[in-house]
Amino acid sequence: MPFPWSTNGTEDFHFIIDPDTSPCDRREFVTMKTITAVVCSLVCLLAVTGNLLVMVVIIHNRRTISSTDVYLLHLATADLLFAITLPFWAVDAVSGWVFGDAMCKVIGMLQEVNFYSGILLLACISVDRYLAIVRSAQSHGHRRPWMVKLVCAAVWLVALLLSLPVLYNEVLYIYEFDRSVCNEEHDGDFGKSWKLGIKVSRLVIGFLMPLATMVFCYTVTVWKLCQTKGFQKQKAMKVIIAVVLAFLACWLPYHLTMVVDLLVRVEHIKVSCIERDHLDRAVLATQCLAFLHSGINPILYAFIGVKFRRNLVKLLAHKGLIKRSEESQFKQSHSSSLSGLTSTAI
């Protein structure tokens with residue numbers, strides 16, 4: 001993922017730009033970046049709170065943990081670590097990068113690893129639900145735990161390898177704005193080709209492949225659910241549709257914008273100065289939307305799920321925060337929801 005403040009018209013931030021001779025006057029979108037800083041802060045608060053709660057509930061009920069719960073636990077970890085980087089970008093939005101070159105690499109690496117692992121885990125969850133509903137719902141709960149852990153380990157390893165180019169990050173200085181930015185810097189034709197390859201790999205591995213996996217698995221899953229009668233079928237379908245729509249709503253605008261931005265940078269598309277400004281604003285706006293997904297995940301994958309809410313009520317009762325009678329009442333009202341396809345799929 002390109003870092004939030006690296007897209008500002010030209011690539012070579014370390015050159016002094018003369019406003020009188022440059023083709024386009026560089027613009028610093030103060031209002032937009034202030035809004036971005038506020039959004040990053042709010043998303044961080046939402047994501048940290050939601051994902052910590054998900055992790056606590058799953059770990060507290062680890063005796064009855066399923067393969068889906070394992071993926072949810074890793075997803076919550078990835079989203080939590082991703083959210084921790086957002087305050088740094090919020091400060092960077094209003095003050096420039098003030099944390100030094102080493103932190104530029106550390107925060108960039110942390111963000112990239114959890115960006116990739118989060119999206120790949122979403123794909124794993126879609127495959128897991130496909131296997132649970134379409135292939136064998138009966139054997140789903142008896143899947144070997146080591147296999148799920150191995151898949152999660154592979155996801156983190158792939159995410160780490162894909163994030164290694166971030167070690168090229170440098171703190172660069174924009175002279176006309178009197179501020180520093182944390183950005184990937186690659187000089188020469190080889191550097192530009194390398195950067196182009198990185199962006200393409202991010203698009204393919206970080207969006208297109210997970211999206212294709214989710215669309216296939218959830219399409220077949222919905223088709224299977226259509227053959228099942230009952231209210232719980234409709235509820236499961238609504239959750240699946242919400243998952244896919246949330247993923248598309250948060251990530252599709254960002255990746256489409258970055259494709260256009262890439263084509264402009266390699267000069268396959270010619271734009272005017274005004275269009276360049278609009279594109280820079282779009283990059284900032286769509287990045288905020290993409291960041292929001294880390295806060296939406298706990299709501300979609302946990303809070304909507306009946307099993308998670310049952311375990312949450314159980315935890316609250318165990319800690320004495322609610323009465324045992326309220327826990328029993330909740331179990332009775334949702335007893336039908338905890339069996340069949342919904343319990344394995346949601």
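The values are calculated or read from the model by the stated rules, or taken from the named source; none is laboratory data. This is a predicted model, so every value here is computed, not measured. FYI the Cβ positions are ideal-geometry reconstructions off the backbone, even for glycines, and counts take in every protein chain you see.
General observations
- Condition met for Ala236 (among the small types (Gly, Ala, Ser) and modelled with pLDDT of 85 or more): no
Residues checked against (1) over 18 Å from Trp156 (Cβ atoms); (2) in contact with a strand residue (DSSP E or B) (Cβ under 8 Å, 6 or more places away or on another chain):
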| residue | (1), (2) |
| --- | --- |
| Asn61 | yes, no |
| Thr64 | yes, no |
| Leu73 | no, no |
| Leu86 | yes, no |
| Asp92 | yes, yes |
| Gly96 | yes, yes |
| Val106 | no, no |
| Leu110 | no, no |
| Ile119 | no, no |
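Here is a yes/no grid of residues against (1) modelled with pLDDT under 90; (2) surrounded by fewer than 14 Cβ atoms within 10 Å (Cβ to Cβ); (3) farther than 20 Å from Met258 by Cα:
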site	(1), (2), (3)
Trp5	yes, no, no
Asn8	yes, no, no
Pro19	yes, yes, yes
Phe29	yes, no, no
Val57	yes, no, yes
Thr64	yes, yes, yes
Ala76	no, no, yes
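- Looking across segment 78-93, the residues that are more than 18 Å from Phe247 (Cα to Cα) and assigned to a helix (DSSP H, G or I) come down to Leu81, Ile84, Leu86, Pro87, Phe88, Trp89, Ala90, Val91, Asp92, Ala93.
- Filter pass, Thr68 being of a type in the set (Ser, Thr, Tyr) and either touching a Pro at 6+ places or on another chain (Cβ under 9 Å) or at pLDDT below 85 (or both): yes
- Whether a residue is modelled with pLDDT of 70 or more, in a helix (DSSP H, G or I) and in contact with a Cys (Cβ under 7 Å, 6 or more places away or on another chain) was assessed, and Phe291 passes this test.
- Selection within segment 94-106 - buried (at least 23 other Cβ atoms within 10 Å of the Cβ) and in a helix (DSSP H, G or I): Cys104
- Within segment 272-284, residues that are in contact (Cβ under 8 Å) with a residue 40 or more places away in the chain and surrounded by 18 or more Cβ atoms within 10 Å (Cβ to Cβ) sit with their Cβ atoms under 6 Å from residues that are polar (S, T, N, Q) and in a helix (DSSP H, G or I), at 6+ positions apart or across chains, in these pairs: Val283/Thr257; Leu284/Thr36.
- Among the conditions (1) closer than 24 Å to Trp251 by Cα; (2) surrounded by 14 or more Cβ atoms within 10 Å (Cβ to Cβ); (3) at pLDDT 65 or above, the only one that Thr34 does not satisfy is (2).
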